[in-house]
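One structure is given here, and the rest of the page talks about it.
The values are calculated or read from the model by the stated rules, or taken from the named source; none is laboratory data. In this text the structure is predicted, and so the values were computed from the model without any measurement. We place every Cβ from the backbone using ideal geometry, glycine too, and count neighbours over all the protein chains shown. Heavy atoms of the whole protein, side chains included, go into the accessibility calculation; ligands, DNA and RNA do not. Shrake-Rupley method; radii C 1.70, N 1.55, O 1.52, S 1.80 Å.
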Amino acid sequence: MSQNTFVSEIEKYVGQEVQLKGWVYNFRSSGKIFFLQFRDGTGRIQIVYSAANLPVEQWEKLNSLRIESSVVINGTVKAESRAPSGFELDGTSVEIVQLAPEDYPIGKKEHGPDFLLDNRHLWLRSEKQWAIQRVRDTIIRATFDYFKETGFVKFDTPILTPNACEGTTELFEMDYFDVGKAYLAQSGQLYLEAGVMSLGRCFDFGPVFRAEKSKTRRHLTEFWMMDAEAAFVEHDENIKIQEELVCRIVKDVLEKNQHELKVLERDVEALKKIQAPFIRMTHAEAVIKLHELGSDISEMDDLGGDDETILTKQYDRPIFVEKYPAVVKAFYMKRDSTDPSRALCADLLAPEGYGEIIGGSQREDDYETLLARIKEHNLPVEAFQWYLDLRKYGSVPHSGFGFGLERLVTWICGLEHVRESIPFPRLINRITP
Ligand code: 4AD
Ligand code: MG
């Protein structure tokens, strides 16, 4: 008999007896036949027990089971065309590891979002949540693979920092021993810029924090960001890298998560259209388009969430909106030499109404210009002296971008709200469980 087997590889064992370890997600009994719906983390399968073939003690054990009890089962694998996985087990035995009480909170009835979020530690076991976490894993791995293949070095940036990266209004602040104040990182970008002057091309991937008072379907207070940065890369090449990375991620999910996408009822045809070249328009062009679509956005405004929604519903490919007014963007962005009121930046907006998934730009690489920007933004020059040093010793043109992992997961899985894309979401009104 084969032990340490998993549902995901069950097709290798047709005709053989195997042992599986996992949980009961449902069951029903006809009195003579017991249908056990079983999951082990890698997948789900039905195990069919017949009273006629089981010792009485085993039959009674089966009939004492409750939802989410943990079990070790033995059975013989057979092909079953009617089963979703194509396989089924003829059960030969069951051992109960732990019998769950009858009151498993998450039932088959509809639950509201607050109830589900309060029970997030259990909700994660349901099939849709399982599928989301598997897609998330593929996105993370595809990102690492892409960067490995293109020569980007993983460079770990700090989470405790002495200054802001993306604007002082969204900082989580704390007392830091005798030093004074420290802040949770909003992005590792500034440190990556130091990294690329040593390593050429770098990326980080870790949790970041934003004390944003936004209560929208797109905002978390803690989320995972991947920042990438490259020396001697300018605006256009920066965009090319992003396009390649996003295509690669979607391709890997389409290849590796067919079953998960089906569980999520994701329209895979929409994902298959994610091919280069993406749509590219300037902020000025986007504003004109948005006016046609009924938005009252002003020429020098940032795009709001609603603007992103209506704009991205017009296209079936992602959109780079480039050259935003410099006044609405971060201090470190290089200006467009043909129109210095604009930043050499681009946001990548996902289609189907999803909106911003990436923010990126070419960086200001001139010492005096950057110093002036830091002062204009009322940032403490002292805290940024190390960052200015990067422009003093061997400055080079360089660019980078950052994606929000949860925004990618939400879009690729076709979710309504970013809160389901991360195991334990942190929102302005929620920090439990
Ligand atoms: O556009 P942002 O603010 O850009 C930066 O932080 C740059 N320093 C990145 C860089 O150039 N290296 O954030 C990057 C991405 C956004 O495009 C969005 O996908 C995500 O992070 N993001 C959020 N995701 C969830 N909740 C929030 N509150 C988010 N804020 C930004
Ligand atoms: Mg942004």
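Of these, Val14, Val18, Val48, which one is over 29 Å from the mean Cα position of the chain (by Cα) and without any contact (Cβ under 8 Å) to a residue 60 or more places away in the chain?
Among Val14, Val18, Val48, only Val48 is over 29 Å from the mean Cα position of the chain (by Cα) and without any contact (Cβ under 8 Å) to a residue 60 or more places away in the chain.
On the basis of being away from ligand 2 (no atom under 16 Å from the Cβ) and either in contact with a helix residue (DSSP H, G or I) (Cβ under 9 Å, 6 or more places away or on another chain) or not assigned by TED's automatic domain parsing to the domain that holds Tyr354 (or both), does Leu415 make the cut? Step through it out loud before you land on a result.
On the way: away from ligand 2 (no atom under 16 Å from the Cβ): yes; either in contact with a helix residue (DSSP H, G or I) (Cβ under 9 Å, 6 or more places away or on another chain) or not assigned by TED's automatic domain parsing to the domain that holds Tyr354 (or both): yes.
The answer is yes for Leu415.
Might you let me know whether segment 287-306 holds any residue that is assigned to a helix (DSSP H, G or I), open to solvent by less than 20 Å² (accessible area, probe 1.4 Å) and β-branched (Val, Ile, Thr)?
Step one: of segment 287-306, the residues assigned to a helix (DSSP H, G or I) are 287-292, 305-306.
After this cut, where a residue has to be open to solvent by less than 20 Å² (accessible area, probe 1.4 Å) as well, the list is 287, 290.
If we keep only those that are β-branched (Val, Ile, Thr) too, we end up with 287.
Yes, there is a match, as at least one residue in segment 287-306 is assigned to a helix (DSSP H, G or I), open to solvent by less than 20 Å² (accessible area, probe 1.4 Å) and β-branched (Val, Ile, Thr).
Find all pairs meeting these conditions: Cβ atoms under 8 angstrom apart; at least six residues apart or on different chains; first residue within segment 296-320 and over 21 Å from Thr216 (Cβ atoms); second residue basic (Lys, Arg) and part of a strand (DSSP E or B).
Pairs that qualify, where the first residue is over 21 Å from Thr216 (Cβ atoms) and the partner is basic (Lys, Arg) and part of a strand (DSSP E or B), are Phe320/Arg280.
Restricting to segment 321-340, name every residue that is part of a strand (DSSP E or B), more than 10 Å from ligand 1 (Cβ to nearest atom) and free of Cβ contacts under 8 Å to residues at least 40 places away in the same chain.
Step one: list which residues in segment 321-340 are part of a strand (DSSP E or B), which gives 321-322, 325, 333, 335-336, 339-340.
Next cut, more than 10 Å from ligand 1 (Cβ to nearest atom) only: 321-322, 325, 335-336, 339-340.
Within segment 321-340, Arg335, Asp336, Asp339, Pro340 qualify.
Just give me the residues in segment 222-249 being in a loop (DSSP other than H, G, I, E, B) and open to solvent by 20 Å² or more (accessible area, probe 1.4 Å), in sequence order.
So the first thing to find is which residues in segment 222-249 are in a loop (DSSP other than H, G, I, E, B), and the list is 232-234.
Those that are in a loop (DSSP other than H, G, I, E, B) and open to solvent by 20 Å² or more (accessible area, probe 1.4 Å): Phe232, Glu234.
Taking into account only those residues within segment 66-98 that are charged (D, E, K, R) and part of a strand (DSSP E or B), which is farthest from Phe38 (Cα to Cα)?
Step one: list which residues in segment 66-98 are charged (D, E, K, R), which gives 66, 68, 78, 80, 82, 88, 90, 95.
Among the residues that remain, those that are also part of a strand (DSSP E or B) are: 78, 88, 90, 95.
Working: Lys78: 15, Glu88: 10, Asp90: 13, Glu95: 13 Å.
Top of the filtered list is Lys78.
Being small (Gly, Ala, Ser), within 30 Å of Pro433 (Cα to Cα) and crowded, with 19+ Cβ neighbours inside 10 Å, is that true of even one residue in segment 8-17? I'd like the intermediate steps shown before the answer.
We begin by selecting, within segment 8-17, every residue small (Gly, Ala, Ser); these are 8, 15.
Now restrict to residues that are within 30 Å of Pro433 (Cα to Cα): 8.
Subset that is crowded, with 19+ Cβ neighbours inside 10 Å: none.
Within segment 8-17, none of the residues are small (Gly, Ala, Ser), within 30 Å of Pro433 (Cα to Cα) and crowded, with 19+ Cβ neighbours inside 10 Å.
For (1) open to solvent by 30 Å² or more (accessible area, probe 1.4 Å); (2) away from ligand 1 (no atom under 14 Å from the Cβ); (3) assigned by TED's automatic domain parsing to the domain that holds Glu260, each residue gets a yes or a no:
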| site | (1), (2), (3) |
| --- | --- |
| Asp145 | yes, yes, yes |
| Asp156 | yes, yes, yes |
| Glu170 | yes, no, yes |
| Met174 | yes, yes, yes |
| Val179 | yes, yes, yes |
| Leu192 | no, no, yes |
| Gly195 | no, no, yes |
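Taking interchain pairs and intrachain pairs at least six residues apart, which have beta carbon atoms under 9 angstrom, with the first residue in segment 378-402 and on the phi > 0 side of the Ramachandran plot and the second open to solvent by 70 Å² or more (accessible area, probe 1.4 Å)?
Asn378/Thr168
Inside segment 341-389, can you point out the residues that are charged (D, E, K, R) and either near ligand 1 (Cβ under 10 Å from one of its atoms) or outside the structural domain of Gly402 (by TED's automatic domain parsing) (or both)?
Going residue by residue through segment 341-389, those that are charged (D, E, K, R) are 342, 347, 352, 356, 363-366, 368, 373, 375-376, 382, 389.
If the condition is that a residue be charged (D, E, K, R) and either near ligand 1 (Cβ under 10 Å from one of its atoms) or outside the structural domain of Gly402 (by TED's automatic domain parsing) (or both), then Asp347, Glu356, Arg363 are the ones that fit.
List the residue pairs whose Cβ atoms are under 8 Å apart, where the first residue sits in segment 95-109 and is within 22 Å of Pro55 (Cβ to Cβ), the second is of a type in the set (A, V, I, L, M, F, W, C) and outside any strand (DSSP E or B), and the two are 6 or more positions apart or on different chains.
These pairs meet every condition: Ile96/Leu65; Leu99/Leu65.
Open to solvent by 20 Å² or more (accessible area, probe 1.4 Å), assigned to a loop (DSSP other than H, G, I, E, B) and under 27 Å from Glu260 (Cβ atoms): is that true of Asn26 in this structure?
On the way: open to solvent by 20 Å² or more (accessible area, probe 1.4 Å): yes; assigned to a loop (DSSP other than H, G, I, E, B): no; under 27 Å from Glu260 (Cβ atoms): yes.
No, not satisfied.
Glu356 fails exactly one of the following numbered conditions: (1) within 16 Å of ligand 2 (Cβ to nearest atom); (2) closer than 29 Å to Ile412 by Cα; (3) open to solvent by less than 30 Å² (accessible area, probe 1.4 Å). What is the number of that condition?
In the conditions (1) within 16 Å of ligand 2 (Cβ to nearest atom); (2) closer than 29 Å to Ile412 by Cα; (3) open to solvent by less than 30 Å² (accessible area, probe 1.4 Å), Glu356 misses (3) alone.
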